[in-house]
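Enquirer: First, the structure itself, so that you have it in front of you.
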Amino acid sequence: HPSSQDADPSDVFRPDARAEPGTLKRDYRNYTAGPLLDRVYNTYLLMHTHQTVDFVLKKSMEYGACAQRRMSIMEALDLLDNVVDESDPDVDFPNSYHAYQTAEGIRQAHPDKDWFQLVGLLHDMGKILALSGEPQWAVVGDTFPVGCRVQKSVVFSDSTFRDNPDSKNPLYNTQYGIYQPHCGLANVLMSWGHDDGRAQAAPLTPFLLLQALYMIRFHSFYPWHTGGDYMHLCSEEDQRMLPWVKEFK
Ligand SMILES: [Fe+2]
Ligand SMILES: [Fe+2]
């Protein structure tokens, strides 16, 4: 495997060069091959071992009051200069680039929707959690519901949950687990990470449309918006918002 460090930095930092229409797009999110795969797999192994109902509740308490630090949005975006996402098989540069690229991409596709462009800029701001001592497995990567059976489309699910204590708790391993049918994703405990509303969406809630909040809150929930799993937990509102989350992706 060529190391990602060997890549010409000017190529790495100029992702437009590889984003020509029709080229390479199909190669994104490849979890079976690629130079970053070991790092990606290890991040998911740790995530799927340690993300439990108890862990999610503990983190929600810890960050729920939004009392850790105060900063402006621009300060938070600048801090992303120091974050490289170790779960991402495609991106090996600081997340601040990704914020502006995403916003620019959305501006091209949706020039009339300034709120949507803003979502692009803000969606990964929660990754600054990685700078306050949180391990990458508690910040980045795809999310999944804890407290119920893990569904097929969760990446690496065949081999990464064996040492998760919740996998031995019968209460958490039926299709619905601790949830009611169609209870709504707002009532589901998601694995803790940068999507979490407490980490970033809550302070913005009064200013953003519902679809914007969904995009931020669930953009990493690939097993839902791309895998089509966990529909048995969704409310009608979740179903109505799903096309927006897909469009963001
Ligand atoms: Fe993200
Ligand atoms: Fe992102």
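Residues are listed down the side, and each one gets a yes or a no for (1) within 27 Å of Ile106 (Cβ to Cβ); (2) modelled with pLDDT of 95 or more:
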site: Gly141; (1), (2): yes, no
site: Ser157; (1), (2): no, yes
site: Arg162; (1), (2): no, yes
site: Asn169; (1), (2): no, yes
site: Gln180; (1), (2): no, yes
site: Ser191; (1), (2): yes, yes
site: Gly197; (1), (2): yes, no
site: Ala202; (1), (2): yes, no
site: Tyr214; (1), (2): yes, no
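Enquirer: Related question: Give Asp38, Asp92, Asp85 a once-over and let me know the one that is of a type in the set (Asp, Glu), within 16 Å of ligand 1 (Cβ to nearest atom) and at pLDDT 80 or above.
Expert: Being of a type in the set (Asp, Glu), within 16 Å of ligand 1 (Cβ to nearest atom) and at pLDDT 80 or above holds for just one of Asp38, Asp92, Asp85, which is Asp85.
Enquirer: Can you tell me which condition Leu80 does not meet? The list is (1) in a helix (DSSP H, G or I); (2) surrounded by 14 or more Cβ atoms within 10 Å (Cβ to Cβ); (3) away from ligand 1 (no atom under 14 Å from the Cβ), and all the others hold.
Expert: Going through the list (1) in a helix (DSSP H, G or I); (2) surrounded by 14 or more Cβ atoms within 10 Å (Cβ to Cβ); (3) away from ligand 1 (no atom under 14 Å from the Cβ), Leu80 breaks only (3).
Enquirer: Now for a separate question. Scan the helices (runs of 4 or more DSSP H) fully inside segment 137-249 and keep the ones with 1 or more residues being away from ligand 1 (no atom under 16 Å from the Cβ) and acidic (Asp, Glu).
Expert: The helices (runs of 4 or more DSSP H) meeting that bar are 157-160, 236-248.
Enquirer: Oh, and also: Residue check: is Ser87 within 16 Å of ligand 2 (Cβ to nearest atom), under 30 Å from Ser167 (Cα atoms) and surrounded by 15 or more Cβ atoms within 10 Å (Cβ to Cβ)?
Expert: yes
Enquirer: Looking at Phe207, is it over 15 Å from the mean Cα position of the chain (by Cα), free of Cβ contacts under 8 Å to residues at least 24 places away in the same chain and more than 22 Å from Asp81 (Cα to Cα)?
Expert: yes
Enquirer: Mind listing just one residue for me: the one in segment 99-132 that is within 18 Å of the chain's Cα centre (by Cα) and not in a helix (DSSP H, G or I) and, of those, nearest to Lys249 (Cα to Cα)?
Expert: Going through the qualifying residues, I end up with His123.
Enquirer: What are the pairs with Cβ atoms under 6 angstrom where one residue, in segment 154-173, is more than 10 Å from Thr52 (Cα to Cα) and the other, located anywhere, is surrounded by fewer than 19 Cβ atoms within 10 Å (Cβ to Cβ) and of a type outside the set (A, V, I, L, M)? Sequence gap at least six, or different chains.
Expert: As it stands, the answer is Val155/Tyr31; Phe161/Ser167; Asp163/Thr49; Asn173/Arg149, since those pairs meet every condition given.
The values are calculated or read from the model by the stated rules, or taken from the named source; none is laboratory data. Keep in mind it's a predicted model, so treat the numbers as computed, not measured. Cβ coordinates were reconstructed from backbone atoms using ideal geometry, including for glycine residues, and neighbour counts include every protein chain displayed.
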